[in-house]
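The structure appears right after this line, and notes come after that.
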Amino acid sequence: MSEISGNFKQYKTVPGLVDFTTTLSDGTKKVVDGFRMVNPTIELQFTPGAKYLYADGKRILIRSKLPRIVLDYTVSKKGFLGSDFNYQSIGLNITQRIPSPIGWTRYTLSASKLFGEIPYPLLFIHQGNENFLKDNKRFSNMKEGEYAADQEVTLMFEHHFGGFFFNKIPLVKKLKLREIFLCKMAYSSLDKSKSSFLDMPPYMTGLNGFYAELGFGIENIFKMLEIQFSWRMTQREIPDANKFVIKFWVLPSF
């Protein structure tokens, strides 16, 4: 399955709220009024053995025992429909759910690389989560916009034990609780020359190394609530780092 799409974004300085600046050679800072990005994206999807449901003219993936692979390529040409930058990016995303004698495992492995020079809002920004709600696609112990990269690899891994441990505890067994093991990792780097068009915010930097967080969760609480506990394993020395967080999720499972 393939898909071609286009993207148009326009960024504007909003004094006091969003200030885009650049540092000149003499050390002074200049306000950048705004910039725009126009780019087409080609996406290829491959899911061996997949089964789909067709509804309202849409194709919905039901399941597949093999990985779902998505490859995308994005390009921007300076001057094309007013775009201000020349750059290209490629991305790979692999997702799979694997059955197990003690539950099931789901992982998402992704990798991206950027070629060219662009302002920092267009870099690969690792998605943090400062909300109290869980989000499987975000890092629980990472702050929003904490790390940016021009090349990155991330792994989101979780194993659902399906009550393998709790069912062995007589009183707890009656509650039908389910256990989850969580692991989220990233390895990325940032060449600051690729984002020299704008000054990066003081809270944002390149990871330039390895990041990891581990946790566990309990699901099926009262058949509708899930709670997750997560610990940050790396970069713990950073001031105000989220070393330990608790996330919730409400999803009825009657």
Flag if K192 is within 15 Å of K223 (Cβ to Cβ), open to solvent by 20 Å² or more (accessible area, probe 1.4 Å) and not aliphatic (A, V, I, L, M): no
Strands (runs of 3 or more DSSP E) within the range 48-140 that include 1 or more residues under 26 Å from D199 (Cβ atoms), at pLDDT 90 or above and more than 16 Å from the chain's Cα centre (by Cα): 68-76, 87-100, 103-116
From the options M233, M185, residue that is open to solvent by 70 Å² or more (accessible area, probe 1.4 Å), over 30 Å from G27 (Cα atoms) and at pLDDT 95 or above: M233
Residue among E144, E152 that is assigned to a strand (DSSP E or B) and either out of contact with any helix residue (DSSP H, G or I) (no Cβ under 6 Å at 6 or more places or on another chain) or of a type in the set (A, V, I, L, M) (or both): E152
Any pair with Cβ under 8 angstrom, 6 or more apart, that starts in the range 137-153 at a residue that is closer than 12 Å to P201 by Cβ and ends at one that is among the charged types (D, E, K, R) and open to solvent by 20 Å² or more (accessible area, probe 1.4 Å): K143/E130; E144/E130
Test for A148: is it open to solvent by 20 Å² or more (accessible area, probe 1.4 Å) and among the small types (G, A, S): no
Residues of the range 137-183 satisfying the condition of being polar (S, T, N, Q) and farther than 14 Å from V245 by Cα: Q151, T154, N167
Leading residue by the ranking (least open to solvent (accessible area, probe 1.4 Å)) among those in the range 96-132 that are among the β-branched types (V, I, T) and over 21 Å from T22 (Cβ atoms): T105
Tally of residues being open to solvent by 70 Å² or more (accessible area, probe 1.4 Å) and more than 16 Å from P202 (Cβ to Cβ) across the range 18-34: 6
Lone qualifier among K184, K176, K192 - being without any contact (Cβ under 8 Å) to a residue 24 or more places away in the chain and of a type outside the set (A, V, I, L, M): K192
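The values are calculated or read from the model by the stated rules, or taken from the named source; none is laboratory data. Since the structure is predicted, the reported quantities are computational estimates derived from the model, not experimental observations. For neighbour counting, all protein chains shown are included, and Cβ atoms are generated from backbone atoms with ideal geometry for every residue, glycine included. Areas reflect the complete protein model, heavy atoms only, side chains present, ligands, DNA and RNA absent. Shrake-Rupley method; radii C 1.70, N 1.55, O 1.52, S 1.80 Å.
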